[in-house]
Structures are given as structure tokens and as C-alpha cells.
Amino acid sequence: MAERVLSQKEIDSVFRNLQNQPGAADPSRRAQPYDFRRPDRIAKEQLRSIHILHENLARSLGSSLSAYLRAYVIVNLVSVEQLSFMEFLQCLPSPTCMVSLGMSQFDNNALLELSPSIVFPVLEMLLGSTKVSPAKIDREITEIEQSILDSVIRIILRDLREAWRQVATIDFNIENFETEPQLLQVLAPNEAVLAISIEVRLGDITGMMNLALPSITVKMLGQKFDQQWTSRRSEATETEQARVLRLIRGASMGLDARLRGPTLSVENLVRLETGDVLMFDYPVDRMLDVSVNGKLKFKGNLAVAGRKRAMQLHTLVTPHD
């Protein structure tokens, strides 16, 4: 039997018929677009750990700034997300106060940004003002103001270093000041950064503090993040156990010491008369069962404490005993 070879026209007709059948799914529709400008994303477990880490930073920074400025400062973590460096810069106001940060043990740089809405009120307090009012100041920060603000930035970097100490020892140091976001190109535009947004409240004034960390640095610390998160979960468990113990410490419990001897039927019980003798047959040296809320917990012997009967506990009964 000779084999029949299909022509190109017949082959095209077969594919057209398959595509026109109802329910035939186009494979291209299942494909998801991939942006090659974005590197691999950071794992959710690491993002969760980083979120907790910077929540601790916000709490410690609120206390540090309140003590330094002698004013009530509230610091709250707003968001932690991964962006390209270009997207991060586009989210910043212009002009603003930006600081390039060197990181010990790493070749990359981080970026710290303080919005003018909080920078100028802080400068007023550092210059002796006891009360600041919100005012929109749209100008660049001067070199003298940078020198005055240097002490506040060093407090922020100190608390940032302490927060990251749970994962790795990183010394953040000031390398450069800039006021225009587009002029401080410490990273490639398409390089991924971890953007941390923190809200700072000084009285009625609110401003943002933004931190950009290279994602490659976070990925290099991936194993240390996993170890830190695991230890935090174990610590949380121990802390929770201690908290529950404190809550139930004052609770009352019933303690019974029972002499478990032979049983007696109701029929024999009603027949008992005066002078009858019941044989318990319980050795004197046998320990008694001590129950806590109806559950066997200890074994012990009868004792005397002054004029009162007491129970001397000898052994703890475990569920496997």
C-alpha cells in the first residue's frame, strides 16, 4: 500500500480546522509577559522578615528622635516593596534631601531620602525653635543645613545598623549628599532595589523617609535571613508560652489525694450493720494517688504538718507512666 503525502494546502487546512474547533485554547494566551528589565523577585519569606526588621527600626527610631529633638516623634513603617532604581527615583519629590550610603562588606550603595516636609521642621528645632508650624518650602537644602542635619542622619544610620544586626553587621556611612533625584546615580536605572517607606510625624507635621537597598545585597544574605526568621519563630513560641503562663498563674485548681482500695457494690453497702468490718487491704507503705482537677498527676504519702494532715509528693506521673 503506497503512502499518501499531504500537500501544504491540506496541512494548512487541518490546522485551520483545529483552531476553529470550540474549546481549542490558543497556547499564546497562556503565556505570561516577562519584563527582562526586572531581575528575580525576592522571596516572600525574606520580605516578611525584612518587614519585621524595619518595624523594629521604626520603633527604635521614634524613641531616638524623640530624645534627641526633645519632642514627641512617631515613626511608622508604611511599605516594603521591590522596584527598579528608576521607579524609586521617580517616586521622590524634587528637590529633596538624598544621601548616598556606603555599606561595609558590600560594593553596592544604599540610598536614604528625607522629604523636605520633615527636613525643614527638624532644622528649625535643631536651631532652637520650640514649636514648628507646617509650611511648604520648595527649595534645595544648603550646605550649612546639611551640616546641621548630619547629626540626625547619623542617629538614623545608627538605629538602621542595630536593626540589621539581627541578620548581618553592616556599617552604613555617609558618602554624598544630593538634592535632585536624577543626579544621584549610585545604581543602574534597571537594577532592582528594596524600597522601604517610613512615615515620620513631628507634632502636626508629617513627612516621609525612604530607603533603597540593592536587591542583590538582600539575596546575598538570603541564608542569614532564613536563620533569623527561624530563630524569631522559636523565640516567639517561647515568648507565647511565657505569656500564657503569666495569664494562668493566678488560676485556682483542685487537688485531691485518694486512697484507692477495693470497690463495694451498692447491694453490699446497704446491708452493712454496726460492728461489720471492711477489709481495705491497703499496705501502709503504698503511695497514694494525687489528682489535679480530676487527672492523676502525682504520687505521694500521707504526712503531718503541725496539727494538720498533709501530703508529701514523691513522683510526677507522666502520660506514659
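Throughout, read-outs are computed from the coordinates displayed, never taken from laboratory work. Nothing here was measured: the structure is a model prediction, and the numbers come from that model. Methodologically, a virtual Cβ is constructed for each residue, glycine included, from the backbone with ideal geometry; neighbour enumeration extends over all protein chains shown.
Calculate, for SER252 and THR274, the FRET efficiency according to 1/(1 + (r/R0)^6) with r their C-beta to C-beta distance and R0 56 Å; round to the nearest 0.05.
Taking R0 as 56 Å, the efficiency between SER252 and THR274 is 0.90.
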Assuming 0.36 nm per residue, please report the length gained on full extension of the stretch VAL14 to ASP138 beyond their Cα-Cα distance. 37.8 nm
Stokes-Einstein D for region 239-321, Kirkwood Rh over Cα pairs, 10 °C, 1.306 mPa s (µm²/s): 98 µm²/s
Given a Förster distance of 56 Å, report the FRET efficiency between VAL284 and ALA168 from their Cβ-Cβ distance, rounded to the nearest 0.05. 0.25
